[in-house]
Amino acid sequence: MEFKIVKINQEFRNVVVSHKALIEAELEAQKKEIISKLEKGQILEGTVKNITSYGVFIDLGGVDGLIHITDLSWGRVSDPKEVVALDQKLNVVILDFDDEKKRIALGLKQLTPHPWDALDSELKVGDKVHGKVVVMADYGAFIEIAPGVEGLIHVSEMSWSAHLHSAQDFLKVGDEVDAVIITLDREERKMSLGIKQLKEDPWENIENKYPVGSQHTAKVRNFTNFGVFVEVEEGVDGLIHISDLSWTKKVKHPSEFTKIGEPIEVQVLDIDKENRRLSLGHKQLEDNPWDNFEGIFTPGSVHQGKIIEVLDKGAVIALEQGVEGFATPKHLVKEDGSQAQLGETLDFKVIEFNKDAKRIILSHSRIFEDVQREEAKAAKKAEIAAKKAARPAKEQAPVIKNVAASTTLGDLDALAALKASMEK
């Protein structure tokens, strides 16, 4: 062979030679000649020279080209070794090339018809298909129904439920699923699928399954300041307004009454089919106790109660029967002049009862104030009676004379007898 001297090292008496350097110019000229004859769409035979994670290098007879992993097959390929092997001879098509950088892009899948072109012409929206999950994303799953033909199942099409977070909650790569075609665009080669359509929409016959007045067990899903959102079944949600939680308790926030994830008994109050929501109640499962309270907490009646909450405007009082009342600060003054405190149990008088507003106004101070008022009234009455009894007979005589003056002659005998009696 002939060699070209590349380097001479006098110190180590060493000579470096190269045969490649001698023929490099020849090889370069050969590459230029091959590339100059290339055309896009041209089919050539090559040999698999190297396999990487991103593609396959093909020897075209003096020049290399790359088949990117996405151009190996119309279907998804996770490892090029699934499609080709080292030293394998195969036909490839030229997709693109760069004269300056000597790069050649090759394709293998382009030698076969696009699977969308071979898709059953009878396939239409509403048809049921079977496929395999090939890619997962938070927003949905890509299903391969044929090599190179994929459809997307959006997460919103996976369940009738409105409580959807991620597609991974329903599917994983490798799962085989049945689905219904929702949209089909052959020109754009796009297809959207759904799996919830394989089940009946629970809102189709909502009036029959959940009629107004029916009772059910629901699951607490979320809170707002005005109520509790619950799920009666997958896809059927409802709202319990805060005012429909309890007949007796003044619920400030639903979290005081229940917890997320817990079951709760409900009654259907109204159906909003258009917005797919039920109006529900919890307190309606029991009779309205305020009908009975009306005969118990009558104005003026006295009941024992415990101060369970102190506010700027007054205090909340827990009474018997599980009901609560309210007392303003002036009605919380005790007989010794001190103010009633949180946790104290005292007697309270009902000063107002409103069944419609579900309000009971109480007073502790009114109890001893009324007693004092009655005592003062009785004392004044006794004082007047005593003064009247203590007046002399002379002071009372003119009254009798006045009465006598207005009488007839027939009454004089009676008056004379009365006078004699008084003098005695």
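What follows is calculated from the coordinates using simple rules that are stated; it is not laboratory data. A quick note: this is a predicted structure, and the numbers were derived from the prediction, not measured. Using ideal geometry, Cβ is built from the backbone for each residue, glycine included, and neighbour counts are taken over all protein chains shown.
How are the Cα pair distances of the range 299-369 distributed, in percent, across 10 Å bins from 0?
Calculated over all Cα pairs of the range 299-369, the distribution is 22, 61, 16, 1 percent.
Please state the relative contact order of the chain as a whole percent: Cα pairs under 8 Å, 6+ residues apart?
7
Using θ = phi - 60° and the Karplus curve 6.51 cos²θ - 1.76 cosθ + 1.60, what whole-Hz ³J(HN,Hα) does each residue of the range 147-163 get, with Gly and Pro shown as x?
Karplus values, whole Hz, x for Gly and Pro: x, x, 10, 10, x, 9, 9, 5, 4, 6, 9, 8, 7, 6, 5, 8, 9.
Which percent, to the nearest 5, of DSSP beta bridges fully inside the chain are antiparallel?
90
Just to confirm a number: summing +1 for Lys and Arg and -1 for Asp and Glu over residues other than Ile307 whose beta-carbon lies under 13 angstrom from that of Ile307, what do you get?
Taking every other residue near Ile307 into account, the sum is -2.
Would you please name the GluC sites (Glu not before Pro) within the range 282-320 that are DSSP coil residues with at most 16 other C-beta atoms within 10 Å of their C-beta?
Glu286
Taking only the alpha carbons of the range 256-309, what extent do you get along each of the three principal axes, in Å, biggest first?
50, 24, 16
Counting only residues 5 or more places away or on other chains, whose amide H sits under 5 Å from the amide H of Gln88 once H atoms are built in the peptide plane?
Sorted by chain and number, the residues that satisfy this are Val48.
Loop only per DSSP, at most 12 neighbouring Cβ atoms within 10 Å: give me the trypsin sites (Lys or Arg not before Pro) in the range 187-223, ordered by residue number.
Lys199
Over 24 Å between Cα atoms: which of Lys334/Lys377; Lys259/Lys355; Lys349/Lys387; Lys219/Lys283; Lys249/Lys349 fall into that group?
In this structure, Lys259/Lys355; Lys349/Lys387 lie more than 24 Å apart at Cα.
Just flag the chymotrypsin sites (Phe, Trp or Tyr not before Pro) in the range 217-278 sitting in loop per DSSP whose Cβ has no more than 14 other Cβ atoms within 10 Å.
Passing both the DSSP loop test and the Cβ count: Phe226.
What percent antiparallel are the DSSP beta bridges of the range 299-369, to the nearest 5?
In the range 299-369, approximately 95 percent of DSSP beta bridges are antiparallel ones.
Once both axes come from the Cα atoms, what is the angle between helix 20-36 and the longest principal axis of the chain, in degrees from 0 to 90, rounded to 10?
Relative to the chain, helix 20-36 is tipped by roughly 70 degrees.
List every residue whose amide H lies under 5 Å from the amide H of Gly140, counting only residues 5 or more places away in sequence or on a different chain, with H placed 1.01 Å from N in the peptide plane.
Val155, Ala167
Using a cut-off of 12 Å between beta-carbons, work out the net charge of the residues near Ala21 (Lys and Arg +1, Asp and Glu -1, Ala21 not included).
Net of charged neighbours comes to -1.
Mind checking which lysines have their C-alpha under 22 Å from Lys40, skipping anything on the same chain fewer than 8 residues away?
Leaving aside lysines fewer than 8 places away in the same chain, those within reach of Lys40 are Lys31, Lys32, Lys49, Lys89, Lys101, Lys102, Lys109.
Calculated from DSSP H runs of 4 or more alone, at -39500 (n - 2.57) each and per residue, what is the 222 nm mean residue ellipticity of the chain, nearest 500?
-6000 deg cm²/dmol
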